[in-house]
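Single-structure report; data block below.
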Amino acid sequence: MNAPSELRDGTLTPSAMLALLAAAPHRLLFFAGASGVLLSMAWWAAWLVGVRWSALALPPPPVPAGWAHAIGMQYQVLGLFIFGFLLTVFPRWMDQPAFGRRHYVPVAGAIFAGYLLTLASLLGFPLLLHAGVVLTLLGWTVGCLLLLRVLWRDGGSQYHALSIWAALALGGVGLAMFARYLHSGDARLAFGAIKIGTFGFLLPVYATVAHRMVPFFAQAAIPGRAMYRPGWILASFWVLVLAHLMGELAHAYAWLWPVDLALAVLTGYWWWRWQPLRTRGIRLLWVLHLAFAWLPVAFGLYALQGAIYAATGAFELGRAPVHALTVGFFGSMLVAMVTRVTQGHSGRPLEMGAVAWACFLGVQAVSVLRIAAELLPDSPAWMAVAAVGWLLAFLPWVLRSLGIYLSPRADGKPG
């Protein structure tokens with residue numbers, strides 16, 4: 001789609017902005033996701049500040065705040081980015097026609113509207129929570145059906161696409177479980193939804209995208225470089241992650257450490273076979289490898305925590321392992337991958353600019369601080385500082401990204 005005439009004339013009217021946002025799925029859904037990153041972390045930072053300093057406390061949300069944070073960030077905020085990416089690349093991967101506005105606008109509208117209703121429920125309008133979750137689930141279902149249609153036409157020949165769609169389907173199950181929890185009050189459903197969101201949905205999606213795209217980006221940046229992405233490594237990852245998920249759902253924590261140790265070894269080997277040190281001179285590629293390095297670190301912490309629990313019955317390290325995974329791996333890979341996709345799809349140079357680089361470094365610092373907060377004196381204060389730090393690290397990057405999504409491609413091409 002070409003730039004609207006208002007933008008070619010140098011003006012930015014509301015209709016022109018809407019036309020630009022709807023010009024491609026990644027524009028609309030990345031815009032919504034980037035907005036959600038700031039809104040959700042602003043609420044979470046304010047909540048944590050209020051937990052530590054009661055004079056600044058927010059009104060209690062309709063569900064436990066940690067659960068609301070996990071559901072909102074995993075399914076709604078990161079879900080928007082993931083659907084934006086997949087609705088763009090699935091047709092390309094399988095050489096099929098691109099999705100049109102009538103396909104991706106309803107997905108984006110339902111998930112983002114559901115997110116906004118969910119957020120409003122946390123700010124004093126609790127009756128909106130159920131509507132927000134159901135609306136998100138509706139958009140999720142439509143998105144999954146659109147992607148399934150592409151898979152069906154392709155005949156299932158793309159194993160990366162099959163892997164991702166399976167994770168999306170698991171995510172739909174988790175989201176439905178949370179919606180059911182809101183009806184029944186059964187906390188086991190909420191617990192299951194959160195764990196499925198992390199280990200059944202996000203982790204397989206992130207790992208599969210990395211398995212396919214990081215070697216591709218490396219080969220594009222370093223001509224002649226061999227692509228290392230054997231199918232066995234992704235299949236083994238799936239088996240181990242599902243074993244971890246089943247152990248979490250069964251509360252079999254004393255038996256998880258061998259699985260987590262295997263995951264740490266597997267992902268460490270995977271990372272090393274990519275020869276990450278050879279990419280240090282190409283910052284946009286280097287950050288993808290640095291982000292992936294959080295995966296063996298996270299599972300190393302999980303293995304250590306599980307081994308201590310099996311030996312002593314003490315649950316040491318608190319939530320350090322899960323935050324190495326969610327803040328370290330998910331957060332770092334989000335900045336690295338979205339920056340790469342945004343630069344490429346907006347016709348800009350494929351480089352990690354100063355704003356994106358500063359955001360990435362900020363996420364590394366926040367990740368270390370959030371892990372350390374579990375062990376430092378006055379832990380709630382350090383958790384609040386880490387949340388505020390996340391917000392400050394992301395703010396310039398999000399604002400720059402929103403500006404790009406509201407601008408025509410730099411090379412004048414459609415999309």
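The values are calculated or read from the model by the stated rules, or taken from the named source; none is laboratory data. Here the structure is a predicted model, which is why all the values come from computation and not from measurement. No Cβ is skipped: glycine too gets one built from the backbone with ideal geometry, and neighbour counts run over all protein chains shown. These area figures cover heavy atoms from the full protein model, side chains too; ligands, DNA and RNA do not enter into them. Shrake-Rupley method; radii C 1.70, N 1.55, O 1.52, S 1.80 Å.
Tabulated data
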| item | result |
| --- | --- |
| Test set (1) of a type outside the set (A, V, I, L, M); (2) in contact with a Leu (Cβ under 8 Å, 6 or more places away or on another chain); (3) over 22 Å from Arg188 (Cα atoms); (4) modelled with pLDDT of 95 or more - Pro59 fails condition number | (4) |
| Filtered residues of segment 270-286 (kept if buried (at least 19 other Cβ atoms within 10 Å of the Cβ) and not in a helix (DSSP H, G or I)) | Trp274 |
| Among (1) buried (at least 17 other Cβ atoms within 10 Å of the Cβ); (2) of a type outside the set (Asp, Glu); (3) in a loop (DSSP other than H, G, I, E, B) - the single one Ile164 does not satisfy | (3) |
| Output for segment 52-98, where each listed residue is more than 30 Å from Val385 (Cα to Cα) and open to solvent by less than 20 Å² (accessible area, probe 1.4 Å) | Phe83, Gly84, Leu86, Leu87, Thr88, Val89, Phe90, Pro91, Met94 |
| Positions within segment 122-146 being under 15 Å from Met73 (Cα atoms) and more than 20 Å from the chain's Cα centre (by Cα), in sequence order | Leu122, Leu129 |
| Condition met for Ala298 (open to solvent by less than 50 Å² (accessible area, probe 1.4 Å), in contact with a helix residue (DSSP H, G or I) (Cβ under 9 Å, 6 or more places away or on another chain), more than 29 Å from Ala23 (Cβ to Cβ) and without any contact (Cβ under 8 Å) to a residue 12 or more places away in the chain) | no |
| Inter-residue pairs, beta-carbon under 9 Å, first on the phi > 0 side of the Ramachandran plot and in segment 160-187, second hydrophobic (A, V, I, L, M, F, W, C) and at pLDDT 95 or above, 6+ apart | none |
| Residue under evaluation Leu182, criteria (1) of a type outside the set (Phe, Trp, Tyr); (2) more than 28 Å from Leu304 (Cβ to Cβ); (3) loosely packed, with under 15 Cβ neighbours inside 10 Å; (4) over 23 Å from the mean Cα position of the chain (by Cα), criterion not met | (3) |
| Failed criterion for Trp357 (all others in (1) touching a residue at least 60 places away in the same chain (Cβ under 8 Å); (2) surrounded by 19 or more Cβ atoms within 10 Å (Cβ to Cβ); (3) closer than 27 Å to Pro25 by Cβ hold) | (2) |
| Matching option when the condition is open to solvent by 10 Å² or more (accessible area, probe 1.4 Å), in a helix (DSSP H, G or I), under 21 Å from Leu80 (Cβ atoms) and of a type in the set (Gly, Ala, Ser), among Gly172, Gly143 | Gly172 |
